[in-house]
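**Student:** I am attaching a structure below and will ask some questions about it afterwards.
The values are calculated or read from the model by the stated rules, or taken from the named source; none is laboratory data. Given the structure is predicted, the values throughout are model-derived calculations rather than measurements. Note that each Cβ is placed from the backbone with ideal geometry, even for glycine, and that neighbours are counted across all protein chains shown. Note: accessible area is taken over every heavy atom of the protein model, side chains too, but ligands, DNA and RNA are not part of it. Shrake-Rupley method; radii C 1.70, N 1.55, O 1.52, S 1.80 Å.
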Amino acid sequence: MKLLEKFKEAERLLEFAKDCEGVSRVELISARDVVVDERVRFQCSHSGCREYGKRFMCPPYVPEVEEFKKLLSKYLMAIILQVEGQTAGETADEEAKRLALLLHEAVYRTEKQAFSSGFPFAAGFIGGPCILCEKCPAGDGHKYCLRREKARPSMEAMGIDVLKTCEKAGLKIAFMPGKVIWTGMVLLD
Ligand code: SF4
């Protein structure tokens, strides 16, 4: 695909992503504006994340940060998607999960759409650990993800600084009690 056609197609994909259930904001950025910082991965592995080693789409099962940086350098653009909602009271955890799954679905659908629109290397990343299965078998000595066709790694797992990347995209993330914002991404090329 010619460069100009890629941009036009990316614009159509933005509209597609915006129409996915639950999506509140989308932006298109240069892949060069995706900020990667080794400290994000360090936080996964050494700051007490409860999911470390327990989900196949989280470290240590995903590529190293250096490997991801090389991969990222080959991409042209990225679509950033956000799903947000209120999560207060007794049902807060359930609602946060529901919103995380909506983001997962939107990332997955946008990636598939990108693939069929002429971006053969489209790659989706979710926000937070993959929770497609209630209990991921990663921590139980199983070797493979149960839903490889749909599972996607989180941005944080790859060492992406989500806050700085969102800033570059002009998307603000304000941490407010009772509110959750999940951010995902689809790399395009
Ligand atoms: S799809 Fe299931 S098995 Fe695969 S990483 Fe997600 S939770 Fe684990």
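**Student:** Accessible area per residue of the chain at 1.4 Å probe, in Å²?
**Tutor:** 56 Å²
**Student:** Give me the three principal axis extents of the chain from the C-alpha atoms, as integers in angstrom, largest value leading.
**Tutor:** 46, 36, 29
**Student:** Here is a follow-up. Which pairs, out of Lys74/Lys143; Lys18/Lys74; Lys2/Lys97; Lys8/Lys150, put more than 32 Å between their alpha-carbon atoms? Don't skip to the answer; put the middle values down first.
**Tutor:** On the way: Lys74/Lys143 29 Å; Lys18/Lys74 25 Å; Lys2/Lys97 40 Å; Lys8/Lys150 27 Å.
Listed pairs above 32 Å: Lys2/Lys97.
**Student:** Here's something else I'd like to know. Just read off the accessible area of Asp161 with the full protein assembly in place, 1.4 Å probe, to the nearest 10 Å².
**Tutor:** Roll a 1.4 Å probe over it and Asp161 shows about 30 Å².
**Student:** At Glu95 and Glu149, where each label point lies 7 Å from the Cα along Cα→Cβ, what is the point-to-point distance in nanometres?
**Tutor:** Here the answer is 3.4 nm between the modelled labels.
**Student:** Let me ask something else about it. Is segment 15-91 rounded, prolate or oblate when judged by the Cα gyration tensor, a ≥ b ≥ c being the square roots of its eigenvalues, rounded requiring a/c under 1.5 and prolate requiring a/b larger than b/c? Could the numbers behind the result be given before it?
**Tutor:** On the way: a/c = 2.34, a/b = 1.08, b/c = 2.16.
Oblate is the answer for segment 15-91, as a/c is 1.5 or above yet b/c matches or exceeds a/b.
**Student:** Turning to a different aspect of this structure: Using 1/(1 + (r/R0)^6) with R0 = 41 angstrom and r between the beta carbons of Leu4 and Met176, what's the FRET efficiency to the nearest 0.05? Walk me through the numbers before you get to the answer.
**Tutor:** Details: r = 40 Å, r/R0 = 0.98.
Calculated transfer efficiency: 0.55.
**Student:** Mind checking which lysines have their C-alpha under 20 Å from Lys164, skipping anything on the same chain fewer than 8 residues away?
**Tutor:** Within reach: Lys69, Lys70, Lys172, Lys179.
**Student:** What does the highest-first list of 112-122, 168-178 look like by mean Cβ count within 10 Å?
**Tutor:** Working: 112-122: 16.5, 168-178: 12.2.
So the order, starting with the most tightly packed, is 112-122, 168-178.
**Student:** Between the DSSP loop rule and a limit of at most 13 other Cβ atoms within 10 Å, which GluC sites (Glu not before Pro) in segment 111-180 are left? The partial results should precede the final answer.
**Tutor:** Details: sites: Glu111, Glu134, Glu149, Glu156, Glu167; in loops: Glu134, Glu149.
Filter output for segment 111-180: Glu134, Glu149.
**Student:** Let me ask something else about it. Counting only helical runs of four or more DSSP H residues, what would the 222 nm mean residue ellipticity of the chain come to if each run contributes -39,500 (n - 2.57) and the total is spread over all its residues? Don't skip to the end; give the middle numbers.
**Tutor:** Values: 5 runs with 65 residues, N = 189.
The helix contribution divided over the chain gives -11000 deg cm²/dmol.
**Student:** Using only alpha carbon pairs under 8 Å that are at least six residues apart, calculate the relative contact order of segment 99-142 and give it in whole percent. Before the final figure, lay out the partial values.
**Tutor:** Working: 21 pairs, mean separation 17.4, N = 44.
Dividing the mean separation by the residue count of segment 99-142 yields 40 percent.
**Student:** Still on this model: I'd like the trypsin sites (Lys or Arg not before Pro) in segment 28-72 restricted to DSSP loop residues with at most 11 other Cβ atoms within 10 Å, sorted by number.
**Tutor:** On the way: sites: Arg32, Arg39, Arg41, Arg50, Lys54, Arg55, Lys69, Lys70; in loops: Arg50, Lys54, Arg55.
For trypsin sites (Lys or Arg not before Pro) across segment 28-72 that sit outside H, G, I, E and B with at most 11 neighbouring Cβ atoms in 10 Å, the list reads Arg50.
**Student:** For the chain, with only Lys/Arg (+1) and Asp/Glu (-1) charged at the beta-carbon, what is the dipole magnitude about the Cα centre, in debye rounded to 20?
**Tutor:** Numbers: 29 positive and 28 negative charges, 75 e Å.
For the chain, the charge dipole is close to 360 debye.
**Student:** Continuing with the same structure: Under a GNM of the chain (C-alpha, springs under 10 Å), which listed residue has the highest mean-square fluctuation: Ala123, Ala88, Ala96?
**Tutor:** Between Ala123, Ala88, Ala96, it is Ala88 that shows the largest mean-square fluctuation.
**Student:** Let me ask something else. Report relative contact order for the chain in percent, whole number only (criteria: Cα-Cα under 8 Å, sequence separation at least 6).
**Tutor:** Values: 340 pairs, mean separation 64.7, N = 189.
That works out to 34 percent.
**Student:** Something else: Can you list which of the GluC sites (Glu not before Pro) found in segment 1-108 are DSSP loop residues with at most 14 other C-beta atoms within 10 Å? Provide the component values of the computation, followed by the final result.
**Tutor:** Values: sites: Glu5, Glu9, Glu11, Glu15, Glu21, Glu27, Glu38, Glu51, Glu64, Glu66, Glu67, Glu84, Glu90, Glu94, Glu95, Glu105; in loops: Glu21, Glu51, Glu64, Glu90.
Those that pass, being in a loop and sparsely packed, are Glu21, Glu64, Glu90.
**Student:** I've got another one for you. How large a share of the accessible area of segment 8-162, in percent, is made up of carbon and sulfur atoms when the probe is 1.4 Å and the other protein chains stay in place? Don't skip to the answer; put the middle values down first.
**Tutor:** Details: 4300 of 8490 Å².
Of the solvent-accessible surface of segment 8-162, carbon and sulfur hold 51 percent.
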